[in-house]
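A.B. asks: Once you've had a glance at the structure underneath, I'll fire off some questions.
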Amino acid sequence: EEMDAIKALFHQKSTQRSVQNETFGKYKNSNVVVVQVEAFMNFMIGKSINGKEITPNFNKLMKESMYFSNYYHQTGQGRTSDADFSSHSSLHPLPSGSVFVRYPDHQYDMLPTILKEYGYSPNVFHAYDSSFWNRTIMYNNMGYDRFFSKKDFTIDEPMGWSLSDNSFFKQSLDKMTSITQPFYSFLITLSSHHPYTIPKDKQGLDVGEFSDTIFGNYLQSIHYVDDALGKFTEQMKKEGLWDNTILVIYGDHDNSIKDKPYYEQFLGKSLNDLDMEQIMNQVPLLVHLPDGSQAGEYSDPSGQLDMTPSLLHLLGIPADSYHMLGNNLFVDQDRFVVLRSGAFTDSNVFYIPSPDGIFENGRCYDLNTRDTTTVVNCRVGFDQAKLQLRSSDQVIQYDLLRKWDDE
Ligand code: GP9
């Protein structure tokens, strides 16, 4: 009975996202470059401190891109590896541990594998030890042609855990130019990793009252990454990759700085629990299309599970046979976004679960008033979110996609 419910859910999701419109296949055979930025959160996008923009390059790029301002990371304990997993498989990460470490050899419908079947060269770039998060094994199973890890980069500008993002982007792009097109390139940055210590000569902001705090250091590190991103897009243009590439940039997860006073001081207003929940769970998603079309802000809720179905849509790859739980961001439909904690949102409500998991003990927020409403208003969503998380967990843990294939 449970298996039937799981199959029915995947079927329903597949039917829902397979609606075709004029954007289906519009960018068929374009290159795709996806940049997953370490701890890149949404709350400081478009903001300034002491008269200086924190992310000037991202802000500039937003003007000619689609910016999803209500995009959620859906990660759990597997942090960066969870963001990677969810974005590429359109499944939820696990309630404990990392899928990369626990079930790397199970079967999933993964973006790099699918793209390879459609003639793409998929490659992944991350200038850190290849065994971290079990990446060597997982990336092999995800269908990448090659994983360019720390040993493939010249550490000519050491920073934090490894190489500076600036040099990482430059060297990754140099490697990319000799890869057969169309390619799928996935880049994972590192310079803005906790504890956010950027060398003094690379700190470009005056963070004023946040000087010598972890929050101030965080803003400095984001400003640094933004600068590196700006140089990266310039280099893409010089290499002739701008007009034939879909560029996607998103944040992997929050910065682990949970002290509300920092955010209240920075944003200049008091914040309730809903505000904090959204701040800690929203990361930006930017999609630059090769012709720069559809630019603007998209505020419907969305999340990391939506990246793969949405890219397949743009590339004209039918996704109905794949087992994915995310939304297609290019069709006009009601959205439902579930976080690993059991929190969920649609366009009307946001539910924050209680640690005991009991429905009635959670809080249901009305997104219009931004205040709590009777918890009953979140009942349907709660059951749906529970089913979605459980179905995803079962698929991962019991290798159900392989079983269904074998049947
Ligand atoms: C290191 C990087 C860090 O390779 O992915 O991951 P995190 O600690 O953020 O999960």
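The values are calculated or read from the model by the stated rules, or taken from the named source; none is laboratory data. Note that the coordinates shown come from a computational prediction; the quantities given were computed from them, not determined experimentally. In this analysis, Cβ positions are derived from the backbone assuming ideal geometry, glycine residues included, and neighbour counts consider all displayed protein chains.
A.B. asks: Kindly indicate whether Thr80 is in a helix (DSSP H, G or I), within 13 Å of the ligand (Cβ to nearest atom), in contact (Cβ under 8 Å) with a residue 60 or more places away in the chain and hydroxyl-bearing (Ser, Thr, Tyr).
C.D. replies: Values: in a helix (DSSP H, G or I): yes; within 13 Å of the ligand (Cβ to nearest atom): yes; in contact (Cβ under 8 Å) with a residue 60 or more places away in the chain: yes; hydroxyl-bearing (Ser, Thr, Tyr): yes.
Yes.
A.B. asks: Here is a further query. What is the residue count in region 208-241 for residues that are outside any helix (DSSP H, G or I) and not small (Gly, Ala, Ser)?
C.D. replies: Qualifying residue count, region 208-241: 4.
A.B. asks: Of everything in region 83-120, what is assigned to a helix (DSSP H, G or I), out of contact with any Phe, Trp or Tyr (no Cβ under 6 Å at 6 or more places or on another chain), hydroxyl-bearing (Ser, Thr, Tyr) and away from the ligand (no atom under 16 Å from the Cβ)? Give them in sequence order.
C.D. replies: Applying the first criterion (assigned to a helix (DSSP H, G or I)) to region 83-120 yields 83-89, 99-102, 111-117.
Cutting the leftovers down to out of contact with any Phe, Trp or Tyr (no Cβ under 6 Å at 6 or more places or on another chain) gives us 83-88, 101-102, 111, 113-114, 116-117.
If we keep only those that are hydroxyl-bearing (Ser, Thr, Tyr) too, we end up with 86-87, 113.
Residue satisfying the conditions is Thr113 alone.
A.B. asks: State which residue is nearest to the ligand (Cβ to nearest atom) when the search covers only region 35-53 and only residues that are surrounded by fewer than 22 Cβ atoms within 10 Å (Cβ to Cβ) and in contact (Cβ under 8 Å) with a residue 60 or more places away in the chain. Let's see the steps before the verdict.
C.D. replies: Restricting attention to region 35-53, the residues satisfying the condition of being surrounded by fewer than 22 Cβ atoms within 10 Å (Cβ to Cβ) are 43, 46-53.
Restricting the remaining residues to those that are in contact (Cβ under 8 Å) with a residue 60 or more places away in the chain gives 43, 47, 49-50, 52.
Details: Phe43: 18, Lys47: 23, Ile49: 24, Asn50: 28, Lys52: 27 Å.
Ranking the qualifying residues of region 35-53, first place goes to Phe43.
A.B. asks: Here's a follow-up. Within region 373-407, track down each residue that is polar (S, T, N, Q) and buried (at least 17 other Cβ atoms within 10 Å of the Cβ).
C.D. replies: Narrowing region 373-407 to residues polar (S, T, N, Q): 373-374, 377, 384, 388, 391-392, 394, 397.
Across region 373-407, the qualifying residues are Gln388, Ser391, Ser392.
A.B. asks: Another question, then. Check Ser121, Ser131 and return the single one that is surrounded by fewer than 23 Cβ atoms within 10 Å (Cβ to Cβ), hydroxyl-bearing (Ser, Thr, Tyr) and free of Cβ contacts under 8 Å to residues at least 12 places away in the same chain.
C.D. replies: Exactly one residue qualifies, and that residue is Ser131.
A.B. asks: Could you list, ordered by first residue, the pairs with Cβ atoms under 8 Å in which the first is in region 201-215 and within 19 Å of Asp226 (Cβ to Cβ) and the second is among the basic types (Lys, Arg) and surrounded by fewer than 17 Cβ atoms within 10 Å (Cβ to Cβ), at least 6 apart or interchain?
C.D. replies: Hits for this filter: Gly204/Lys52; Leu205/Lys52; Asp206/Lys52.
A.B. asks: I'd like the full set of residues that are within 16 Å of the ligand (Cβ to nearest atom) and either assigned to a loop (DSSP other than H, G, I, E, B) or of a type in the set (Gly, Ala, Ser) (or both), limited to region 242-273. Break it down stepwise before answering.
C.D. replies: Initial filter on region 242-273 (within 16 Å of the ligand (Cβ to nearest atom)): 250-258.
Within region 242-273, Gly251, Asp252, His253, Asp254, Asn255, Ser256, Ile257, Lys258 qualify.
A.B. asks: Can you name every residue in region 271-298 that is of a type in the set (S, T, N, Q) and within 14 Å of the chain's Cα centre (by Cα)?
C.D. replies: Of all residues in region 271-298, those of a type in the set (S, T, N, Q) come to 272, 278, 281-282, 293-294.
Of everything in region 271-298, those that are of a type in the set (S, T, N, Q) and within 14 Å of the chain's Cα centre (by Cα) turn out to be Asn281, Gln282.
A.B. asks: Got a number for residues in region 67-78 being surrounded by 20 or more Cβ atoms within 10 Å (Cβ to Cβ) and closer than 14 Å to Val283 by Cα?
C.D. replies: Number of matching residues: 8.
A.B. asks: Using the structure shown, decide if Glu1 is surrounded by 13 or more Cβ atoms within 10 Å (Cβ to Cβ), farther than 26 Å from Arg102 by Cα and more than 16 Å from the ligand (Cβ to nearest atom).
C.D. replies: no
A.B. asks: Could I ask something else about it? Taking region 186-216 as the search range and keeping residues that are among the small types (Gly, Ala, Ser) and farther than 19 Å from Asn57 by Cβ, which one is nearest to the ligand (Cβ to nearest atom)? Lay out the reasoning, then the answer.
C.D. replies: If we filter region 186-216 for residues that are among the small types (Gly, Ala, Ser), which is where we start, we get 191-192, 204, 208, 211, 216.
With the extra rule that they be farther than 19 Å from Asn57 by Cβ, the set shrinks to 208, 211, 216.
Working: Gly208: 27, Ser211: 25, Gly216: 20 Å.
Once the filter is applied, the top-ranked residue is Gly216.
A.B. asks: If you check Asn31, Asn57, Asn140, which single one turns out to be within 30 Å of Phe10 (Cα to Cα), in contact (Cβ under 8 Å) with a residue 24 or more places away in the chain and surrounded by fewer than 24 Cβ atoms within 10 Å (Cβ to Cβ)?
C.D. replies: Numbers: Asn57 fails: within 30 Å of Phe10 (Cα to Cα); Asn140 fails: in contact (Cβ under 8 Å) with a residue 24 or more places away in the chain.
Result: Asn31 is the single residue among Asn31, Asn57, Asn140 that is within 30 Å of Phe10 (Cα to Cα), in contact (Cβ under 8 Å) with a residue 24 or more places away in the chain and surrounded by fewer than 24 Cβ atoms within 10 Å (Cβ to Cβ).
A.B. asks: While we're here: Quickly run through region 128-179 and pick out the residues that are out of contact with any helix residue (DSSP H, G or I) (no Cβ under 6 Å at 6 or more places or on another chain), more than 16 Å from the ligand (Cβ to nearest atom), farther than 21 Å from Lys237 by Cβ and outside any helix (DSSP H, G or I).
C.D. replies: Asp145, Arg146, Thr154
A.B. asks: Let me confirm something: among Pro301, Pro318, Pro309, which residue is under 23 Å from the mean Cα position of the chain (by Cα), surrounded by fewer than 17 Cβ atoms within 10 Å (Cβ to Cβ) and under 30 Å from Glu64 (Cβ atoms)?
C.D. replies: On the way: Pro301 fails: surrounded by fewer than 17 Cβ atoms within 10 Å (Cβ to Cβ); Pro309 fails: surrounded by fewer than 17 Cβ atoms within 10 Å (Cβ to Cβ).
Step by step, each of Pro301, Pro318, Pro309 is checked, and only Pro318 is under 23 Å from the mean Cα position of the chain (by Cα), surrounded by fewer than 17 Cβ atoms within 10 Å (Cβ to Cβ) and under 30 Å from Glu64 (Cβ atoms).
A.B. asks: Would you point out which residue out of Asp227, Asp174 is under 24 Å from Asn59 (Cα atoms), at pLDDT 95 or above and among the charged types (D, E, K, R)?
C.D. replies: Residue meeting the stated conditions: Asp227.
A.B. asks: A further question on this structure: Restricting attention to region 3-13, does a residue exist that is within 23 Å of Ala228 (Cβ to Cβ) and not in a strand (DSSP E or B)?
C.D. replies: For region 3-13, residues within 23 Å of Ala228 (Cβ to Cβ) and not in a strand (DSSP E or B): absent.
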